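Report on the structure given below.
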Amino acid sequence: MNLNHNTANTIRDSDNYQQFLNALRAIGTQVSYKKDEVVFTEGGKADFILLVEDGILRTWRLVNDKEVVLGFTFPGDLEASPISFIASVPSKETIDAICNTTCLKISREAFYKQIENQKFSERIMQSILLEYIDVLIKRHMESKAYTAEENYINLLLKQPKLVNKIPLKDIASFLGISKERLSRIRKKHELT
C-alpha cells in the first residue's frame with residue numbers, strides 16, 4: 001500500500017488525512033531496518049502498517065522464480081500488504097529495505113482502535129483503499145501509455161534524491177526492462 005501523503009491526490013481530503021497520519025504517529029513504534037533486511041515475507045499475515053520516515057522499502061513478488069518489483073516506498077508513504085492487513089490472510093508480497101530505513105510500525109489492532117477512538121469515519125479507510133487502487137491504476141496506465149524512459153523520468157521527478165539509492169536491477173524490474181537498457185536511459189538523464 002504505497003501511498004505518499006505528499007503527493008496531490010483528488011480522492012483524499014488532505015486535512016482529514018493529515019489528522020489521520022498524526023493519529024497514527026501517536027500510536028506507532030519506531031522500527032529500523034538495515035539495508036537488504038526483510039520487513040515482511042510472502043506467506044505471512046501482515047498485522048501491521050508502516051509509515052516510512054527515512055529510507056526506501058521495496059515490494060516484490062516472485063513470478064516464475066523471478067523477483068518482480070511492484071513498487072518502492074519512500075518517506076511519507078504508508079506501506080503494508082493491504083489484502084493481508086485488511087482480510088488477515090497470507091500475503092503474496094515480500095517487502096524489504098533497499099537502504100537503512102526507519103519506519104513507524106502500527107499494529108492492526110492499534111490502527112483500528114485509533115480509527116475508532118479518534119472517531120474517524122469509515123471514509124478514512126475507504127479513502128486509503130481508493131487511493132491504493134488509484135496508484136495501481138496509474139501504474140498500469142503508465143506502463144501502457146509511456147515508454148520505460150518516460151516512466152524513469154517520472155520516477156526521477158518524484159524522488160530525485162532517492163532514486164540513485166535504488167539498485168539498477170530493481171528499477172529495471174519495476175520498469176520491465178533490462179539493466180543494460182536502463183543504464184543507457186540513466187546516462188541520458190543523469191542528475192547534476
Completion exercise
Between the modelled labels at Gln19 and Lys158 (7 Å from Cα along Cα→Cβ) the distance in nm is 2.8
Handout entry: Contact order relative to length of segment 37-130, as percent, for alpha carbon pairs under 8 angstrom and 6 or more apart
Key = 38
Practice task
At a Cα cut-off below 16 Å, give the aspartates and glutamates reachable from Lys45, other chains included and same-chain residues fewer than 8 away excluded.
Solution key: Glu79, Glu93, Asp96, Glu109
Completion exercise
Summing -39500 (n - 2.57) over every DSSP H run of at least 4 residues in the chain and dividing by its residue count gives a helix-only mean residue ellipticity at 222 nm, to the nearest 500 deg cm²/dmol, of -13500 deg cm²/dmol
Practice task
Tabulate in residue order the Karplus-calculated ³J(HN,Hα) for segment 19-24, using 6.51 cos²θ - 1.76 cosθ + 1.60 with θ = phi - 60°, rounded to whole Hz; enter x for Gly and Pro.
Solution key: 4, 4, 4, 4, 5, 5
Exercise for the section: May I ask for the net charge around Leu175, where only other residues with Cβ less than 12 Å from the Cβ of Leu175 are counted and Lys, Arg are +1 while Asp, Glu are -1? Expected result: +1
Handout entry: Inter-centroid distance (Cα atoms) of segment 95-117 relative to segment 155-192, Å
Key = 28
Exercise for the section: Report, ordered by chain and residue number, the lysines lying within cross-link reach of Lys169, taken as a straight Cα distance under 20 Å and ignoring same-chain residues fewer than 8 apart. Expected result: Lys34, Lys35, Lys66, Lys158, Lys161, Lys179, Lys187, Lys188
Fill in the blank from the handout: Length gained, Leu168-Asn64, 0.36 nm per residue minus C-alpha separation, equals 35.4 nm
Practice task
Would you work out the relative contact order for the chain, in percent, from Cα pairs under 8 angstrom that are 6 or more residues apart?
Solution key: 26
Practice task
Note down the net charge around Ala110, summing +1 for each Lys or Arg and -1 for each Asp or Glu among other residues with Cβ under 15 Å from its Cβ.
Solution key: +1
Exercise for the section: For the chain, state the average projected area of the convex hull of the C-alpha atoms over all orientations, rounded to one decimal in nm². Expected result: 11.1
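Each value in this text was obtained by applying a stated rule to the coordinates, not by laboratory testing. Everything numeric here is computed off the predicted structure, so don't read it as measured data. Ideal geometry is used to build each Cβ from the backbone, glycine not excepted, and the neighbour counts take in all protein chains shown.
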